[in-house]
Amino acid sequence: MRVGSKAALIATSSTVALVAMWVFLTTEKGEQTFPELANSLPNPFWIGVFPHLFLLAIGLILSCKYPRRSDKPLDNLTIWTKLDQ
């Protein structure tokens with residue numbers, strides 16, 4: 001299954017927002033503003049794992065809702081296939 005550009009854009013944007021929120025909540029200002037949410041975060045070392053899983057899951061879910069357009073042919077797109085002609 002391939003992910004379309006719209007699904008990839010939404011998944012990437014939401015992952016960036018998730019990481020930005022996580023980084024904000026680990027600052028002093030974030031801990032003062034949202035103390036309960038900041039205390040419920042997992043260990044900061046997980047920031048390298050959870051966003052990747054989130055990105056893959058959101059991309060997969062959105063690929064069902066926004067399928068990739070298949071109206072564009074993918075033949076002869078590389079130099080190696082063009083040389084055969």
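Readers should treat all values here as calculations from the given coordinates under stated rules, not as data from a laboratory. Source: prediction; values computed, not measured. For neighbour counting, all protein chains shown are included, and Cβ atoms are generated from backbone atoms with ideal geometry for every residue, glycine included.
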Quote the FRET efficiency, to the nearest 0.05, computed for LEU37 versus ARG68 with a Förster distance R0 of 35 Å and r equal to the Cβ-Cβ distance. 0.45
Could you go through region 8-20 in sequence order and give the Karplus-derived ³J(HN,Hα) for each residue, using 6.51 cos²θ - 1.76 cosθ + 1.60 with θ = phi - 60°, rounded to whole Hz, and x for Gly and Pro? 5, 5, 5, 5, 5, 4, 5, 5, 5, 5, 4, 5, 5
Taking H as built 1.01 Å from N, whose amide H comes closer than 5 Å to the amide H of ARG68, not counting residues under 5 places away? GLY4
All-pairs alpha carbon distance profile, region 5-83, 10 Å steps from 0, percent: 16, 31, 24, 16, 8, 4, 0
I want to check the label-to-label distance for THR81 and VAL23. Put each point 7 Å from Cα in the C-beta direction and report it in nm to one decimal. 3.8
Length gained when the stretch VAL49-THR12 is fully extended (0.36 nm per residue, less Cα-Cα span): 11.8 nm
Residue exposure sequence - ILE61, ILE47, ILE79 - by fewest surrounding Cβ within 10 Å: ILE79, ILE61, ILE47
Taking the Cβ of ALA7 as the centre, find all other residues whose Cβ is under 10 Å away and add up their charges (Lys, Arg: +1; Asp, Glu: -1). +4
